[in-house]
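Q: Have a look at this one before I ask anything.
The values are calculated or read from the model by the stated rules, or taken from the named source; none is laboratory data. Note that the structure is a prediction, hence the values are computed from the model and not measured. Here Cβ is always computed from backbone atoms with ideal geometry, including for glycine, and neighbour counts include all displayed protein chains. Surface accessibility is based on the protein's heavy atoms, side chains included, excluding ligands, DNA and RNA. Shrake-Rupley method; radii C 1.70, N 1.55, O 1.52, S 1.80 Å.
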Amino acid sequence: MIDWQIATVKAIKPETPEVKSFTLALPDWMKHRAGQHYDVRLTAEDGYQAQRSYSIASEPERAREIDLTIERLADGEVSTYFHDVLAVGDRVELRGPIGGYFVWEAALNAPLLLIAGGSGVVPLMSMLRHRRAARAINPTRLLFSSRTPDDAIYFDELEKLRAANDGLEIFYTFTRERPPEWKGYARRIDNAMLNEVAKPLGKSARVFICGPTALVENAANGLVQIGIKPNQIKTERFGPTGT
Amino acid sequence: MNESKMDLNRELMVDGNAVAGLLQEIFAIEMTATPTECANCGNAAEVGALQAYTQAPGAVLRCPACESVMIRIVQTPNHIYFDARGAVRLTLPREKK
Ligand SMILES: Cc1cc2nc3c(=O)[nH]c(=O)nc-3n(C[C@H](O)[C@H](O)[C@H](O)COP(=O)(O)OP(=O)(O)OC[C@H]3O[C@@H](n4cnc5c(N)ncnc54)[C@H](O)[C@@H]3O)c2cc1C
Ligand SMILES: [Zn+2]
């Protein structure tokens, strides 16, 4: 049984102008599976509560603490609290790790296709960090859609993971503003793009798609149209978040 | 598609996985890898793959194939109402002795 517990904020790291990572120390830490999330609960003095889910960004190999990476939504209740109010040393109530559906384990030695929009990269990053920590070398491709290069969460770390040359390839697409001289994708994810990225992995690839609901719907439908079986595709819709 | 389905704001839709914490609170085990079957169209899917709407104080889970309501969960301060009349069954793992 997973009970509510009180974590302490150990570090806060800006990732992009709108996104920060929060390292939380947990008194009742339990090893998670990459892709799982925690439920966070805020309680106001009058007893009013707001609860949201946040994916675990860190790898399961890291003990006693987790990273959450949260995008600030301008009129969002819980994400603005994390960004504007929470400081190192503060306490946060949460429960987890939660979920047994949207999870990937390195022991599953099949080709892996990860598709992310904006903060949807968070649970996929846990998978990639886990993959690296477990020294997996399965063919893996990440297709990552961001508005602008400055909005690409984890960019530096992703480039390092790519440089390890262990079978990971990364494809960025920028929907609003591209870097100068950019030769990569600069449009919303479409079937032509899905085809180019997915094809080399073959028909047996496991697929995880995460991000704003509209992007997830679009990518999942597109993959089915290009011949990937629905039961190989797992989705995690974040609701009406950015991108 | 009937009127009530057209009303749904698809932007707010998440996956059954988003209700994993609440389900675990009710059943005391992880429920999102649990197979289910839609009572309306017979589609088989894991709970984590259902369409979920979580704005209400509770949640509504719909069939990803025909969008009919499979499970409805309502929370009040003292009770949780769990209505699964739209699901033929939920197949739970048995604790190995
Ligand atoms: C399983 C899961 C994992 C998640 N993981 C992450 C993660 O790792 N990182 C992350 O940043 N987010 C994640 N999310 C999203 C997160 O749970 C929150 O939804 C998000 O942070 C917004 O919460 P909020 O309280 O800030 O905003 P809210 O107050 O909930 O509002 C969100 C936005 O939607 C709009 N909105 C709210 N209700 C409506 C409505 N009825 N109609 C129209 N618009 C509306 C608001 O104006 C606002 O812009 C995840 C979601 C799920 C389900
Ligand atoms: Zn159905």
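Q: Only four residue types carry charge here, +1 at the Cβ of Lys and Arg and -1 at the Cβ of Asp and Glu. Report the dipole size of chain A about the Cα centre in Debye, rounded to the nearest 20. Display every interim value, and only then the final one.
A: Numbers: 31 positive and 31 negative charges, 211 e Å.
Magnitude of the dipole: close to 1020 debye.
Q: Further, regarding this structure: Is it possible to state the helix-based mean residue ellipticity at 222 nm for chain A, with each DSSP H run of 4+ residues giving -39500 (n - 2.57), the sum divided by total residues, to the nearest 500 deg cm²/dmol? What is it? Please list the in-between numbers first.
A: Numbers: 5 runs with 47 residues, N = 243.
Per the formula, -5500 deg cm²/dmol.
Q: What number do you get for the protein assembly as shown when its Cα radius of gyration is normalised by 2.2 N^0.38 Å, N = residues?
A: Working: Rg = 19.5 Å, N = 340, 2.2 N^0.38 = 20.2 Å.
Against the compact-globule rule of thumb, the ratio is 0.97.
Q: Could you give the length gained by full extension between A:R135 and A:R41, i.e. 0.36 nm per residue of separation minus their alpha carbon distance, to one decimal place?
A: Details: separation 94, 0.36 × 94 = 33.84 nm, distance 3.49 nm.
Result for the pair: 30.3 nm of gain on full extension.
Q: Also, I was wondering about something else. Which residue fluctuates most in the GNM of chain A (Cα springs below 10 Å): A:D166, A:D151, A:D75?
A: A:D75
Q: Another one. Under 10 Å, Cα contacts only: if you run a Gaussian network model on chain A, which one of A:Y38, A:Y172, A:Y101 comes out with the highest mean-square fluctuation?
A: Maximum among the listed residues: A:Y101.
Q: Using the crude model of +1 on Lys and Arg Cβ and -1 on Asp and Glu Cβ, and no other charge, please compute the dipole size for the range B:3-90 relative to its Cα centre, in debye to 20. Provide the component values of the computation, followed by the final result.
A: On the way: 6 positive and 10 negative charges, 34 e Å.
Around 160 debye, computed over the range B:3-90.
Q: At 1.4 Å probe size, with the rest of the protein present, what percent of the exposed accessible area of chain A is carbon and sulfur atoms?
A: Working: 5280 of 10870 Å².
Carbon plus sulfur share of accessible area: 49 percent.
Q: Something else: What does a probe at A:K10 reach in the range A:62-92, counting residues whose amide N is under 20 Å from the point 7 Å along Cα→Cβ?
A: Correct set: A:62-70, A:82-83, A:86-92.
Q: How far apart, in nm, are two points set 7 Å out from the Cα along the Cα-to-Cβ line at A:N195 and at A:V224?
A: 1.9 nm
Q: Taking the alpha-carbon set of the range A:185-242, what are its Rg and Dmax in Å?
A: 11.1, 32
Q: 5 Å is the cut-off here: which amide hydrogens, built 1.01 Å from N in the peptide plane, fall below it relative to A:L73, excluding neighbours closer than 5 in sequence?
A: It is A:S79, A:T80, by chain and number.
Q: Counting residues in the range A:5-98 as N, plug N into 2.2 N^0.38 Å and put the Cα Rg over that result. Please report the intermediate quantities before stating the final value.
A: Working: Rg = 12.5 Å, N = 94, 2.2 N^0.38 = 12.4 Å.
The range A:5-98 yields a ratio of 1.01.
Q: If I histogram all Cα-Cα distances within chain B using bins 5 Å wide from 0, what percent of pairs lands in each bin?
A: The percentages, shortest bin first, are 3, 14, 25, 26, 18, 9, 4, 1, 0, 0.
Q: Say we join alpha carbon atoms closer than 10 Å with springs in a Gaussian network model of chain A; which of A:P139, A:P14, A:P179 then has the biggest fluctuation?
A: A:P179
Q: Kirkwood Rh over alpha-carbon pairs of the range A:28-162, then Stokes-Einstein at 20 °C and 1.002 mPa s: what D in µm² s⁻¹, rounded to an integer? Walk me through the numbers on the way to the answer.
A: Details: Rh = 16.1 Å.
The diffusion coefficient I find is 133 µm²/s.
Q: A further question on this structure: Using a basic spin-label model with each label point 7 Å from the Cα along Cα→Cβ, how many nm lie between A:Y48 and A:D156?
A: According to this spin-label approximation, the distance is 3.9 nm.
Q: With every protein chain left in place, what is the accessible area per residue of the protein assembly as shown in square angstrom, probe 1.4 Å?
A: Details: 16280 Å² over 340 residues.
Using a 1.4 Å probe on heavy atoms only, each residue of the protein assembly as shown averages 48 Å².
Q: Check the protein assembly as shown for me: any Cys whose beta-carbon has no other cysteine beta-carbon within less than 4.7 Å?
A: Unpaired cysteines in the protein assembly as shown: A:C210.
Q: Separate question: For the range A:106-238, what ratio Rg/Rh do Cα atoms give with a Kirkwood hydrodynamic radius? Please report the intermediate quantities before stating the final value.
A: Numbers: Rg = 13.7 Å, Rh = 14.7 Å.
In the range A:106-238, Rg relative to Rh is 0.93.
Q: Show me the GluC sites (Glu not before Pro) within the range A:175-243 that DSSP assigns to loop and that have at most 11 other Cβ atoms within 10 Å of their Cβ. Provide the component values of the computation, followed by the final result.
A: On the way: sites: A:E177, A:E181, A:E196, A:E217, A:E236; in loops: A:E177, A:E181.
In loop regions of the range A:175-243 (DSSP not H, G, I, E or B), the sparsely surrounded GluC sites (Glu not before Pro) are A:E181.
Q: Which aspartates and glutamates does A:K160 reach when only Cα atoms under 12 Å apart count, and residues fewer than 8 places away in its own chain are ignored?
A: A:E169
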